[in-house]
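The values are calculated or read from the model by the stated rules, or taken from the named source; none is laboratory data. Just so it is clear, the structure is predicted and the values come from calculations on it, not from any experiment. Note: ideal-geometry Cβ built from the backbone for every residue, glycine included; neighbour counts use all protein chains shown. Side chains are part of the model used for accessible areas, which takes the heavy atoms of the whole protein and leaves out ligands, DNA and RNA. Shrake-Rupley method; radii C 1.70, N 1.55, O 1.52, S 1.80 Å.
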Amino acid sequence: MPTLTIEPITRIEGHARITLQLSDAGDVERAQFHVTQLRGFEKFCEGRPFPEMPSLTARTCGICPVSHLIASSKACDALMAVEIPPAAVRLRRVINLAQLLQSHALSFFHLSSPDLLLGWDSDPASRNVFGLIREHPQLAKDGVRLRQIGQSIIERLGNKRVHPSWIVPGGVQSAMTPEVRAEIRAWLPEAMDIAERTYRLYRGMVKGFKAEAEAFGDFPSLFMGLVDSKGNLEHYDGVLRIKNSEGHVIEAGVRADDYVDIIAEAAEDDSFVKSPYYVPMGYPQGMYRVGPLARLNVAERCGTPVADEALDEFRELSPGRPVSSSFHFHMARLIEILFAIERLEQLTANANILDTKVRARARGNKNRGIGISEAPRGTLIHDYSIDDEGRITGVNLIIATGHNNLAMNRSVLQVARRYVRGPNVSEGMLNRVEAVIRCYDPCLSCASHEFGRMPLDVRFIDARGHELGRALRK
Amino acid sequence: MTRSVSILIVGVGNRLREDDAFGPLVAEQLEHRIDDERVEILERATLTPELTENLAQASHVIFLDASAELAPGEFERRPISRDSRGDLALVHFLSPEALLEWTTRLFGKAPSAEIWLMGVAGTGLSEQLTPTVAGRLPEVLELLARRIQELLVE
């Protein structure tokens, strides 16, 4: 059977390739998304004192270290069996939302906009940020600015943009000063202007992407995300909710300690990313999606006015049911940007955020601690076990990209079947196959994002391993 | 977030990787020597697109970085200009030349620029510079302070 390999996949985090197996007639029969890098954090953290875990696991990723700091610190809070001070919770929420803001801005403005605004079939030589600057200069500047605002909030609170050590077991290292609060609040109106302007632009375009929406991962699946006590959008705390594609809530509120009752992980021979699934439905039928699309699907409301208005418009894409196309991750991301800015405004308006009691201290009081938060790309689980001396004896990290692994594979198959006809494959066809992966904004951790034209080596190989043809994109 | 400055100093590197910390350490020590609102000093693990705003506000930028191409302890300084080739397409980290290109395309202007490079003797897991590079630090710092004064006079 001829095989088509796309490697490397561009404008994602890390190293991966896609393999498409074609029938003799050139139709796509199978598709697989392989993650080809191994990190090994779960193993080499063993034996370390648990308070080191936030700093250690934050090194998993240079793009979303704050997310790991949050989930890790929550797992350590659980090991210490402490309730952290309310101001520390608010401050952790602030930095988590700032992380979401800068990450979503990068994904939408820099990584996906060239496809969305310049077209999947446009000249790859200009389908990049410079094409974007030429055609949409304001949008390109807005992307830089919005990301800078998110990064600056992280820097002001954590004293560093990358790998801040400010979030610690039991709370945070230091209180927010009035000066920092004033500075952050001064940036928010400009951030909101950018976010609303971009959302309006995209809302006006989204119906024009009907063909892509129907082919880019549009299938039934479960959706999972955190919700608060009212069932609303939540990124820091709360309980896990799962909805099916008919919109029925099948898990209303699973606490962090009970996540193993609903999530298990399968391993495949050809990828370093495991495939989590919903236990009651088994593997691989228990496929679910996480991230902005899933969060908006499982939540009752966002809980902030501008984002809720946008949520109503989002739900018009699929009245009465969850939005099932992964293409709409893009719109969901923009709505979460609106939400993040509104919540940042609310959180920093509260005078209690300046409280100076921001850390609880204790030694390990339990032998297992689980922390769950919502990273920009989806649910992030840190599960630690320690011995009586506080040394790590077991670690399990389930990251958003892992949760989405089964769905990404399914999405690749769908879009490839729609657009790829071998062996004469056009650049536009390949770009769509890559683009469906970019909808999920996968974080394969800490590798470079490539933007625009990338080397691509496509090989057609028959069942005996003979090369039938080759297409190179240099 | 960004202010108009005459001179922007950007120390680039990873403080956990021995001599790769050259740029950040020089930037940090410079902070203690220079107290002039016309000079902005930044430390970054990598150069990223949002730095374009800082560059657009400056008239001159000096990048401080470690180099694997130079011999251990070898020091080099040279002017650089924007370049639309090479890693221009990267998003999460840019070369200084690509960052200048981004700045020009986004803001219609970019500062004059130079890069100061130090050849690394080691990039292992350590927060300490190797003796080879640590021994060159005072001299580089002195040169840099003098260069900044020259630029301010200009």
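With a cut-off of 14 Å, note down the residues of the stretch B:100-127 whose backbone N falls inside the zone around a label point 7 Å from the Cα of B:GLU76 toward its beta carbon. Residues passing the 14 Å test: B:115-120. Of the peptides A:218-227, B:105-114, A:359-368, the ranking by mean beta-carbon count within 10 Å, highest at the top, reads A:218-227, B:105-114, A:359-368. The aspartates and glutamates within cross-link reach of A:LYS210, meaning a Cα-to-Cα straight distance under 12 Å and a gap of 8 or more places when in the same chain, are A:ASP218.
Can you give the FRET efficiency to the nearest 0.05 for A:THR177 and B:GLN149, using r as the Cβ-Cβ distance and R₀ = 30 Å? Approximately 0.35, to the nearest 0.05. Between the amide H of B:ALA113 and those of B:VAL61, B:ILE80, distances stay under 5 Å, these residues lying 5 or more places away or on another chain, with hydrogens modeled in the peptide plane. The alpha-carbon of A:LYS243 sits under 20 angstrom from the alpha-carbons of these lysines, leaving out residues fewer than 8 places away in its chain: A:LYS230. Annotation: amide H-H contacts under 5 Å for A:ALA375 (H modelled 1.01 Å from N, sequence separation of 5 or more, or interchain): A:LEU380. By DSSP, the beta bridges lying fully in chain A are antiparallel in about 95 percent of cases. Rolling a 1.4 Å probe across all protein chains gives A:PHE33 an accessible area of roughly 10 Å². Here r is the Cβ-Cβ distance between A:GLU214 and A:ARG30 and R0 is 25 Å; the resulting FRET efficiency, rounded to 0.05, is 0.75. Once the Cα atoms are used to define both axes, helix A:329-349 deviates from the longest principal axis of chain A by about 10 degrees. Here the Karplus curve 6.51 cos²θ - 1.76 cosθ + 1.60, taken at θ = phi - 60°, turns the phi angles of the stretch A:357-367 into couplings of 7, 10, 8, 9, 10, 6, 8, x, 10, 9, 9 Hz, with x standing for Gly and Pro. Rounded to whole numbers, the Karplus 3J(HN,Hα) couplings from phi for the stretch B:17-23 are 10, 6, 6, 5, 7, 3, x Hz, using 6.51 cos²θ - 1.76 cosθ + 1.60 with θ = phi - 60°, and x at Gly and Pro. With 0.36 nm allotted per residue and the present C-alpha distance subtracted, the A:ASP355-A:ASP257 stretch has 32.3 nm of extension available. Taken one residue at a time, the phi angles of the stretch A:99-107 give Karplus couplings (6.51, -1.76, 1.60, θ = phi - 60°) of 4, 4, 4, 6, 6, 4, 4, 4, 4 Hz. Gly and Pro are set to x. Using a ≥ b ≥ c from the Cα gyration tensor of chain A (square roots of the eigenvalues), is it rounded, prolate or oblate, where a/c under 1.5 gives rounded and otherwise the larger of a/b and b/c decides, a/b for prolate? Prolate, because a/c is 1.5 or more and a/b exceeds b/c. What does DSSP give for the stretch B:5-153 in terms of the percent of beta bridges that are antiparallel, rounded to the nearest 5? In the stretch B:5-153, DSSP labels about 25 percent of beta bridges as antiparallel.
Modelled spin-label separation between A:GLU268 and A:TYR283, with each label point placed 7 Å from Cα along the Cα-to-Cβ direction: 1.2 nm. Counting only lysines at least 8 places from A:LYS366 when in the same chain, those with an alpha carbon closer than 20 Å to its own are A:LYS74.
Remark: mean inter-chain Cβ contacts per residue of B:105-116 equal 2, using a 10 Å Cβ-Cβ cutoff to other protein chain atoms. Amide hydrogen proximity for A:LEU22: with H placed 1.01 Å from N in the peptide plane, the residues at 5 or more positions away or on another chain lying under 5 Å are A:THR3, A:LEU4, A:GLU29. Any idea what diffusion coefficient the stretch B:5-153 gets from Stokes-Einstein, in µm²/s, Kirkwood Rh on alpha carbon pairs, 37 °C, 0.692 mPa s? This corresponds to a translational diffusion coefficient of 214 µm²/s. Put a dot 7 Å past the Cα of B:SER112, heading toward its Cβ, do the same for A:ASN365, and the two dots end up 6.3 nm apart. Extending 7 Å from the Cα toward the beta-carbon at both B:ASP35 and A:ASP193 defines two label points whose distance is 3.6 nm.
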